[in-house]
Amino acid sequence: MSALSPIQIVELRQPRCALRFGVGACPATGTPKCYNTWGTCPTAVTKAAFAATGRIRWRFVQNRPGLFAVGDFSVTDDPATNAIAVAQLRVSTTKAELNIGALLDGKSPFGVHATVSVSMPDFVWDDHVGDFYLGDRVSLPKRNFWAVWTARNAFYGGMEIVVYEGYEGEALSAMRQRLYVLDNVDGPDSSGNVTLHGISPLIEAEGQTSKFPPPMDVRLVSAITAGQTTVQVLTNDETNLSRELGIGGEKGVRIGDEIMFYAAYSVVTSGIYDLTGVTRGVLNTVAASAAADARVQRIGYFKDVATWRCGEYLLSDHTPVGAARISTSWTTEGEAYLEIFRSTVAIATPTPVANLMGEIVQQGMFYIWWGEYTQKIEMQAIRAPDGAVRQVSTASEILAGSAELRRQPESLLTRIFVYYAPIDPTKTDRANYLVIDGQIEATNEVPQAAGKAYTLEIDARWINTAVHAQFLIARILSRYRQVPRFLTFRVSAKDR
């Protein structure tokens, strides 16, 4: 087999408990057995001791001649199998699509997520890896791999799929790698076929589970008057009061339609705290009395912070994405191009982070995407290239017949109005914005052109100044005053 023969190896990364054999979670002998997965922990005690700091990396390759000895068993709690040869292994991927400035209707601010689908038939497996009870076996059992794996793994939290693409003879570290989070496993079906579905890790920032500020169970111990400056609250989690929620601003709570800042808190007794140094009726709200048991909700507060930094903070601190998956491009790009766009904003109601990111990406004038090969969330300002523009030609790079030009007239814009400088953070209607700014491209609305007005109105809580608003208007119109065009094409492997 030529050293230049292309090869594709699929790796399934499965977290598992690192406390084995009576050390903590999993018993060494007896029944029911624990296979170091959450779903097989037999008791509440073992589940409580479960520490998913271990891992096993299952590797698969298309069944073909050759030895694929790419295993790594040097760390007991992080073994990687040799590439298991599987007949009819198929890998299908879809590319991500960017949503620049979060303006394309019907698409997430994160764009369209890249996906992977890995299918294969089930196969006979002697369970010599993954079974920690080999000492109990008279002989190695013959089982079907996926039938056993799906029985042991009822949950997919923390699991990842990595697709290695390279050539035979290359080390795995030299191959291109694409990483996805495992979303679902279908099968084995009646024919024994299994399909693994993966999606960009950026999906972890979507949905209703990641909210800012986080919802919390805090309430008043007793009624308060409009002038009271010591407020007693009840909560079963002290971090509801101690943690920072935002950047650069004071700690604040919302009770009814009032926001108040507090300088500190003290413990009265278990679960009961006094908020001290309280300033009532801040951020253009009005101090008011409140009854005992009234809900108390922390606010998120950003005070004169570069808008892009607000987005980075939300992704790293308030979604499962985490700081480790954020590229250094955020700092490099943000400090070079986006520091002048700054925000002072209070978030007074728990709001999905995905919704806030849509606002921040749009109003902060940048876009983000999952870098399949860097395996980081990348960011770039909406700007012109600052170096030599990469030239791509039909003569040597673009594959013949692959280019397609699409027009998207529904994304045309001739009028943009920005409502900005919100007054009261507890209100969301447009009457609550202090200023409206806008621009009309009337020449493109005449009958012989667009024939009508195409209007975008933006509720911009992350914008506080006219300069910021006017930059946003100008940049959007520069891209959408003409019918947007999208060119797609394929390039040869040498130019990928």
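The values are calculated or read from the model by the stated rules, or taken from the named source; none is laboratory data. Because the structure is predicted, anything quoted here is derived from the model rather than measured. All Cβ positions, even for glycine, are placed from backbone atoms using ideal geometry, and neighbour counts span all protein chains on display. To get the accessible areas, we keep the full protein, side chains included, count just its heavy atoms, and leave off ligands, DNA and RNA. Shrake-Rupley method; radii C 1.70, N 1.55, O 1.52, S 1.80 Å.
Results, tabulated for the structure shown:
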item	result
Members of Lys211/Lys427; Lys251/Lys376; Lys47/Lys376; Lys95/Lys376 lying beyond 21 Å, as alpha-carbon distances in this model show	Lys251/Lys376; Lys47/Lys376
Counted charge near Met159, where neighbours are those whose Cβ lies closer than 10 Å (Asp, Glu -1; Lys, Arg +1)	0
Rh by Kirkwood over Cα pairs, then Stokes-Einstein D for segment 276-316 at 0.692 mPa s and 37 °C, µm²/s	246 µm²/s
Charge tally in the Cβ shell below 12 Å around Ile347, where Lys, Arg are +1 and Asp, Glu are -1, Ile347 excluded	+3
Per-residue ³J(HN,Hα) for segment 335-347, Karplus 6.51 cos²θ - 1.76 cosθ + 1.60, θ = phi - 60°, Hz, x for Gly and Pro	5, 7, 10, 10, 5, 6, 8, 10, 10, 10, 8, 10, 9
Protection proxy ranking of 280-288, 113-121 - average other beta-carbon atoms within 10 Å, highest first	113-121, 280-288
Loop chymotrypsin sites (Phe, Trp or Tyr not before Pro), segment 351-438, which have at most 14 other Cβ atoms in a 10 Å radius of their Cβ (DSSP)	Tyr373
The chain - mean residue ellipticity at 222 nm from DSSP helices (-39,500 (n - 2.57) per run, n ≥ 4, rounded to 500)	-4000 deg cm²/dmol
For Asp122, residues with placed amide H under 5 Å, excluding near neighbours	Asn193, Val194
Per residue value of the accessible surface for the chain (all protein chains in place, 1.4 Å probe), Å²	47 Å²
Per DSSP, loop GluC sites (Glu not before Pro) in segment 323-361 with at most 13 further Cβ within 10 Å	Glu339
Surface share of carbon and sulfur [accessible, 1.4 angstrom probe, percent] for the chain	53 percent
3J(HN,Hα) from dihedral phi, segment 223-228, Karplus parametrisation 6.51/-1.76/1.60, rounded to Hz, x for glycine, proline	4, 10, 8, 5, x, 5
Option label - volume of the Cα convex hull per residue in Å³ computed here, alternatives (1) 193; (2) 162; (3) 209	(3)
Long-range HN-HN contacts of Val435 with modeled amide H, under 5 Å	Tyr420
Cα extents of segment 396-496 along the three principal axes, largest first (Å)	57, 38, 21
At R0 = 60 Å, FRET efficiency that the Cβ-Cβ distance of Ala403 and Thr225 yields, to 0.05	0.25
